[in-house]
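Report on one structure; see the data block that follows.
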Amino acid sequence: MDASYLDLMMAQQEEVFEEAEGGGGVWLVADLSGDEIAPVTLEAIGAARTLADSLGAYVYAVLLGDGVTPLAQTLYQAGADGVRIADHVGLADFAVAPYLDVLAGLFEEEQPEIVLFGASDAGQALAPRLAQRMGGGLIEHVTAVTLEETTRAVEATFPVYGGEYFEVRACPEARPQVLTIEPGAFGEPFLDEYRKGEPTTLDVEPVEPAVRVQGPADGFEPPEVSLSEASVVVAGGRQADSFELVERLAERLGAQLAGDRGAWDAGFIGAEQIVDVRGATVSPEVYVAVGIRGDTFHNAAIEGAKFVVAIHPDPDATIFEMADLCVEARPEEVLPSLLETLE
Amino acid sequence: MMRIVVPLRRVLDPAGIVAHRRLRRLFINREEYLIEPADHCALEVALRIKDDLGAEVVAVSGQPEPDDETLQRGLAMGADRAIYLSGEGFENADEAVMARALKAVIERLDGAALVIVGMTTLDTGQGQLGLRLAELLGWPQVTGAWSVEAADGRLEAVRRSGDTYVRVAADLPAVVTVPACALKPRYPDGVRLINVYRGEAGMAESLEEWDAADLLTVEEQAPLFESRGRDFPVERERGTRVEGTAKEAGMAVAEALRQRLRR
């Protein structure tokens, strides 16, 4: 169907945003993922839009980097009313000191009411220092926001013990209220391609980074594969009977081998293989727990797993509360036929 | 000698708590505390530097009783001094207040070369203490260090950068944050542990109590945050129980896995 006439109609109503004067507003610091705006930034714009609409304020985005000016339109399309750009070769790679210097200088002038970061490595490194420098409050890994309209304080929800429950906090007096937004917690907004604007380019002279990256860490033994990114995980516990069978199952499924803290205590796995909110939090497509009883630490860490198979002899084992498929039997009796069938 | 300050926090052992989703209530069945796992790792990093080069490791804690347990365990692991910050009103200290207090502690100690802090807390997942402190002190920060070496006024650390690990360097003094599980903390030394609990072999003198009121004004002790309650995830439904003999169960699981993985 030819819908070009719709484009024509929309183009006639194209919105071009003129920025309002004055301080305050909801600001967000954009993150990059390769050469694009990171998804968490777009999600944060959605959250910022909700807050700003309740406050009767504008949403401003700050974009730092080298050669990033063309990306500003994506921020407008996602819902930003204004965009500030610090485009400088000295900001090509993320480093705390130069980024913080630019942001603090800008925010001293603009006096934002709320500042949002994505809870990425960069956001998590910058937000506390910015909050401290400006005397603001900071709530990290936020998954939901509401507004207390009388005090204009944001009530932010964040996970406790890896999502076992949530706590709601607010900073009633400190300003700005800085939040880091947990990836995936807020929906990505619709990108309205008819929404456009003229970004303001900041005149910046970045300072030298205080921490110098010297290159790859040769000689450092990292964990084999990041457990948190594995798509299939087979984990054994103290009651796995034979860890060799667990290893064979992992190998057969092409899965990452892991375990609970008990397996680590018993010496079956390394520290980097512990599935536990103190160790690695996983969100694989398939998680097979063999002989794992499933304490609070462990179960909170597999909250994101899509399909959980649990094999444990005790029908009351708490792992079964997490499992999609529950096998109440000794692993040494189940695993041989499981392996045989898979082979 | 290089001085390394390690803040030690305690956290409620989640093995003793149940978050009841249907009743939307938190039950604390056993009130037991652990050293914050990331702080525990931070102490281990500090002790390894001490083992290699010699350093004075000072553990600092500022939470309500029985917080001295945390510090006693820190001393037994090998810390040289343990400072417990106490005082009326200080028990509600949040990360911002604690950062101010740590700055005051470092000034009263006549400085430090390195502060090593756990990257995030186990319960609330907040990681602002170390970085707020770095800002207050005006020191560089290395976040998420998996290994740390410090000598001759210089720090080298390995940290993650995307999918790889990179080596970074900074001048001392600096603040380093360490993730939980970066390495395995040592067990407390048995003899030291006994001496700590008995207060013998100089251990009683190593455990100091400082009044927070001497370090911070009342205004500086006011927390930034207010708690506005709790929320709970929706109740989870129990999965399918596999019936039959163990052999049949094995076959059924294999079939389910095969379908799931489209093998």
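The values are calculated or read from the model by the stated rules, or taken from the named source; none is laboratory data. All values reported here derive from a predicted model rather than from experimental measurement. Virtual Cβ from ideal backbone geometry, glycine too; neighbours counted across all protein chains shown.
Considering A:GLU193, A:GLU272, A:GLU244, A:GLU251, the condition of being part of a helix (DSSP H, G or I), of a type in the set (D, E, K, R), surrounded by fewer than 21 Cβ atoms within 10 Å (Cβ to Cβ) and touching a residue at least 12 places away in the same chain (Cβ under 8 Å) is satisfied by A:GLU272 alone.
Under the condition of being in a strand (DSSP E or B), of a type in the set (S, T, N, Q) and touching a helix residue (DSSP H, G or I) at 6+ places or on another chain (Cβ under 8 Å), the residues counted in region B:162-196 number 1.
Number of residues in region B:182-210 that are under 17 Å from B:VAL58 (Cα atoms) and over 22 Å from the mean Cα position of the chain (by Cα) equals 4. Within region A:150-176, which residues are of a type in the set (Lys, Arg) and either within 7 Å of another protein chain (Cβ to nearest Cβ) or in a helix (DSSP H, G or I) (or both)? Once the filter is applied, which keeps residues that are of a type in the set (Lys, Arg) and either within 7 Å of another protein chain (Cβ to nearest Cβ) or in a helix (DSSP H, G or I) (or both), region A:150-176 yields only A:ARG169.
Matching residues to (1) assigned to a loop (DSSP other than H, G, I, E, B); (2) modelled with pLDDT under 90:
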{"residue": "B:ALA204", "(1), (2)": "no, yes"}
{"residue": "B:TRP210", "(1), (2)": "no, no"}
{"residue": "B:ASP214", "(1), (2)": "no, no"}
{"residue": "B:ARG230", "(1), (2)": "no, no"}
{"residue": "B:GLU235", "(1), (2)": "yes, yes"}
{"residue": "B:ARG238", "(1), (2)": "yes, yes"}
{"residue": "B:GLU255", "(1), (2)": "no, yes"}
{"residue": "B:ARG263", "(1), (2)": "yes, yes"}
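The residues of region A:45-76 that are part of a helix (DSSP H, G or I) and either in contact with a helix residue (DSSP H, G or I) (Cβ under 9 Å, 6 or more places away or on another chain) or within 25 Å of A:GLU205 (Cα to Cα) (or both), listed by number, are A:ILE45, A:GLY46, A:ARG49, A:THR69, A:PRO70, A:LEU71, A:ALA72, A:GLN73, A:THR74, A:LEU75. Please work out if A:GLY294 is under 20 Å from B:ALA256 (Cα atoms), assigned to a loop (DSSP other than H, G, I, E, B) and either at pLDDT 90 or above or within 30 Å of the chain's Cα centre (by Cα) (or both). Taking the combined requirement at face value, the residue does not satisfy it. Of the helices (runs of 4 or more DSSP H) that lie entirely inside region B:44-151, those containing 1 or more residues that are within 14 Å of another protein chain (Cβ to nearest Cβ) and among the small types (Gly, Ala, Ser) span B:95-108, B:128-137.
Hey, does region A:306-315 have a residue that's of a type in the set (Lys, Arg), surrounded by fewer than 19 Cβ atoms within 10 Å (Cβ to Cβ) and part of a loop (DSSP other than H, G, I, E, B)?
yes
Please verify whether A:ALA80 is under 28 Å from A:ALA170 (Cα atoms) and in a loop (DSSP other than H, G, I, E, B), treating the condition exactly as stated. In short, yes.
Within region B:6-34, residues that are surrounded by fewer than 19 Cβ atoms within 10 Å (Cβ to Cβ) reach partners that are of a type in the set (S, T, N, Q) with beta carbons closer than 7 Å, at six or more positions or on different chains, in the pairs B:ALA15/A:THR296; B:GLY16/B:ASN29; B:VAL18/B:ASN29.
Scanning region B:211-221 for residues that are touching a residue at least 40 places away in the same chain (Cβ under 8 Å) and farther than 16 Å from B:VAL58 by Cβ, we see that the one that is surrounded by the most Cβ atoms within 10 Å (Cβ to Cβ) is B:ALA212.
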